[in-house]
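> This structure is in structure tokens; I'll ask about it shortly.
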Amino acid sequence: MKDTFVGESKDSRHFSKLKGSLARLEADVKDEGDLKLPSAEAFFTYYSTKEGVKQAKSLQQRFRTLVWKRRDAALRAVAEAEGKMAKARLHAQRQRGVSYVITTVPTSSDQELSDDDVEINTRMALGLPPHPQMPVHCSCGQANGSYAADAWHAMSCRDELHSSVTDRHDGVKHAVARLATAVGAKVVVEPRKKERRDRKENKKRPDTVEELPGRKWWTDETILHPYNPTNVSVSAENPQTLLKSAEQVKHIKYDEEASYAGATFVPIALESTGGFGTEALLFIKELIKESKKQHMVWHDKEYVNMVYRNIAIAVARGNTRIVKSNLAKTEQELQLGRRRRA
Ligand SMILES: [Zn+2]
């Protein structure tokens, strides 16, 4: 590499191009602290030394950080100008776990996404309505059922709560159970057995109990929609608040009973847009670590890494079902109305 410019005249086109580029780079990062690049003449000699290569790497890192910082500032400025929903969307799309759905290469049927899954979840990420032509009002007839006011009303529609919303919740619950099983834990989904015998009635049952020798967890899932009109302000204000408060609510509900049963309670709080709550991520990490320590993992690392992504995929698939179920109900209602009028 150091011989690149050997025999090149000092005023050649190559030299002047390199000089120009170096000057531009120095000027471009000026506001972020001084950058001293070697001269064009010394450039290739310098970057072919060991020290030079090291410097080049840190330089690359510095530029990458800078590019991200600027891109982030530009996005934030746009969101700030557009309002709460845009800010909520920006925050939701920055959550940890959001990329799992699009970056998981399907290796099993649990991870396949249909065209509808991709379409609906991408439209959600982009801030578009679920469908290009939405009906006027949801068949639920509720005051919050106007699709013009909330295109993703399906996510909070009263009529979906005990059907498609429960299906999505169950999909996530089973994905968590499969993950725990994959790492060798004993798993009981929705334990029916009363954990507390001194009470006639015990309604506080978690979704799942996971157990490794000497360790026991209770987990319970909850999925929040950050674009829901009642959540938008919170999500726009702080990306963590929605998930954190949902985790807190679950703790209040289950902590005492869980500790009575000798378990640690872990809320698995997720956002419909793909974000994972801190406690969910920590739990996955701890579960894998603990089972490795106990040599319980019989699947390889790649398998376990793929399985935990199933949780994100279960959310995405569930979203599709909620939207489709809601639009189908509304369409049915519209047709009924037409027939009645005819
Ligand atoms: Zn509705």
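Read-outs throughout are calculated quantities, based only on the coordinates presented, and are distinct from any laboratory measurement. Bear in mind that the values here come from a model prediction, so they are computed numbers and not experimental data. Don't worry about glycine lacking a Cβ; one is built from the backbone with ideal geometry, like all the others, and counts go over all protein chains shown.
> Once the Cα gyration tensor of the range 115-328 is found, what semi-axes does its equivalent ellipsoid get, as square roots of 5 times the eigenvalues, in whole Å, sorted largest first?
Details: eigenvalues 213, 80, 46 Å².
In descending order, the three semi-axes are 33, 20, 15 Å.
> Here is a follow-up. Semi-axes of the equivalent ellipsoid for the range 13-82, please: Cα gyration tensor eigenvalues, times 5, square-rooted, ordered largest first, whole Å. Walk me through the intermediate numbers first.
Details: eigenvalues 176, 43, 16 Å².
So the equivalent ellipsoid measures 30, 15, 9 Å along its semi-axes.
> Sticking with this structure for a sec: If I build a Gaussian network model for the chain, linking alpha-carbon pairs within less than 10 angstrom, which residue out of Ser156, Ser235, Ser16 has the largest mean-square fluctuation?
Ser16
> In addition: Mind ranking 286-294, 79-87 by how tightly packed they are, going by the mean number of other C-beta atoms within 10 angstrom, highest first? Show your work: numbers first, answer last.
Details: 286-294: 17.2, 79-87: 14.7.
Ranked by mean Cβ neighbours within 10 Å, highest first: 286-294, 79-87.
> While we're on this one: Karplus couplings for the range 209-219 from phi (6.51 cos²θ - 1.76 cosθ + 1.60, θ = phi - 60°), rounded to Hz, Gly and Pro as x?
After applying 6.51 cos²θ - 1.76 cosθ + 1.60, I find 10, 10, 9, 10, x, x, 10, 9, 10, 10, 10 Hz.
> Under 10 Å from the Cβ of Phe15, count the other residues' Cβ atoms, weight Lys and Arg +1, Asp and Glu -1, and hand me the total.
Working: positive: Lys10, Arg13, Lys17, Lys19; negative: Glu8, Asp11, Glu41.
Here the charged neighbours net out to +1.
> Indicate, rounded to the nearest 5 percent, the antiparallel portion of the DSSP beta bridges found entirely in the chain. Each step should come with its number before you reach the end.
Working: 11 of 19 bridges.
Restricted to the chain, the bridges split so that about 60 percent are antiparallel.
> Would you list Leu128, Leu327 from fewest to most Cβ contacts within 10 Å? Mind showing how you got there, number by number?
On the way: Leu128 14, Leu327 18.
Ordered from fewest to most neighbouring Cβ atoms within 10 Å, Leu128, Leu327 come out as Leu128, Leu327.
> Amide H to amide H, which residues 5 or more places from Phe265 or on other chains are under 5 Å from it, using H placed in the peptide plane?
Trp218
> Fully extended, how many nm does the chain gain between Ile102 and Lys186 (0.36 nm per residue separation, minus their Cα-Cα distance)? Write out the running numbers ahead of the final one.
On the way: separation 84, 0.36 × 84 = 30.24 nm, distance 3.02 nm.
My answer for the length gained is 27.2 nm.
> Now a separate question. Would you grab the residues whose amide H sits under 5 Å from the one on Arg96? Only those 5+ places off in sequence or on another chain, please, with H modelled 1.01 Å from N.
Distant-sequence amide H within range of Arg96: Phe276.
> Put +1 on the Cβ of every Lys and Arg and -1 on every Asp and Glu Cβ in the range 258-342; which of Tyr260, Asn305, Ala342 then has its Cα farthest towards the positive end of the dipole?
Working it through, the farthest residue towards the positive pole turns out to be Ala342.
> So, one more: Could you list, in their original order, any pairs among Lys204/Lys329; Lys84/Lys250; Lys216/Lys301; Lys173/Lys204; Lys87/Lys244 whose Cα atoms are separated by more than 25 Å? Show your work: numbers first, answer last.
Details: Lys204/Lys329 33 Å; Lys84/Lys250 27 Å; Lys216/Lys301 22 Å; Lys173/Lys204 16 Å; Lys87/Lys244 18 Å.
Pairs exceeding 25 Å: Lys204/Lys329; Lys84/Lys250.
> Now for a different question. Lys329: net charge of surrounding residues, Cβ under 9 Å, Lys/Arg +1, Asp/Glu -1, itself excluded?
Details: positive: none; negative: Asp159, Glu160, Glu331, Glu333.
Its environment carries a net charge of -4.
> While we're on this one: Measuring from the lowest to the highest alpha carbon on each principal axis, how far does the range 244-342 reach, largest first, in angstroms?
Principal-axis extents of the Cα atoms in the range 244-342, largest first: 70, 35, 21 Å.
> Can you check what the net charge comes to around Gly171, using other residues whose Cβ is under 11 Å from the Cβ of Gly171 (Lys, Arg +1; Asp, Glu -1)?
On the way: positive: Arg168, Lys173, Arg178, Arg317, Arg321; negative: Asp110, Asp167, Asp170, Glu221.
Computed value for this residue: +1.
> Another question, then. With each label point set 7 Å from Cα along the Cα-Cβ vector, what nm distance links Ser245 and Thr45?
Output for this residue pair reads 6.4 nm.
> Right, next: If I take every Cα pair under 8 Å that is 6 or more residues apart in the chain, average their sequence separation and divide by the length, what percent do I get for the relative contact order? Write down the numbers at each step before the final one.
Working: 435 pairs, mean separation 76.0, N = 342.
Over the chain, the number comes to 22 percent.
> State the percent of C-alpha pairs, over all pairs in the range 1-130, separated by a distance greater than 17 angstrom. It would help to have the intermediate numbers written out before the result.
Working: 6144 of 8385 pairs.
The proportion of pairs with Cα distances above 17 Å equals 73 percent.
> Per-residue HN-Hα couplings for the range 268-273, Karplus 6.51 cos²θ - 1.76 cosθ + 1.60 at θ = phi - 60°, whole Hz, x for Gly and Pro?
Taking θ as phi minus 60°, the curve returns 9, 9, 10, 9, 4, 7 Hz for the range 268-273.
> Which percent of the Cα-Cα distances in the range 64-143 go past 19 Å? Could you put the intermediate results ahead of the total?
Details: 1820 of 3160 pairs.
Percent of Cα pairs beyond 19 Å in the range 64-143: 58.
> Which one, Met155, Val188, Val165, projects farthest toward the positive side of the charge dipole computed for the chain from Cβ point charges (K/R +1, D/E -1)?
The residue sitting most towards the positive pole is Val188.
> How tilted is helix 164-182 with respect to the longest principal axis of the chain? Cα atoms for both, answer in degrees (0 to 90, nearest 10).
The two axes meet at around 70 degrees.
> Give me the distance between the Cα centres of the range 63-77 and the range 268-342, rounded to whole Å.
The distance from the Cα centre of the range 63-77 to that of the range 268-342 comes to 31 Å.
> Another question, if that's okay. So what J values fall out for the range 11-18 if you push phi through Karplus, 6.51 cos²θ - 1.76 cosθ + 1.60 with θ = phi - 60°, rounded to Hz, Gly and Pro as x?
Once rounded to whole Hz, the list reads 10, 6, 4, 4, 5, 5, 4, 5.
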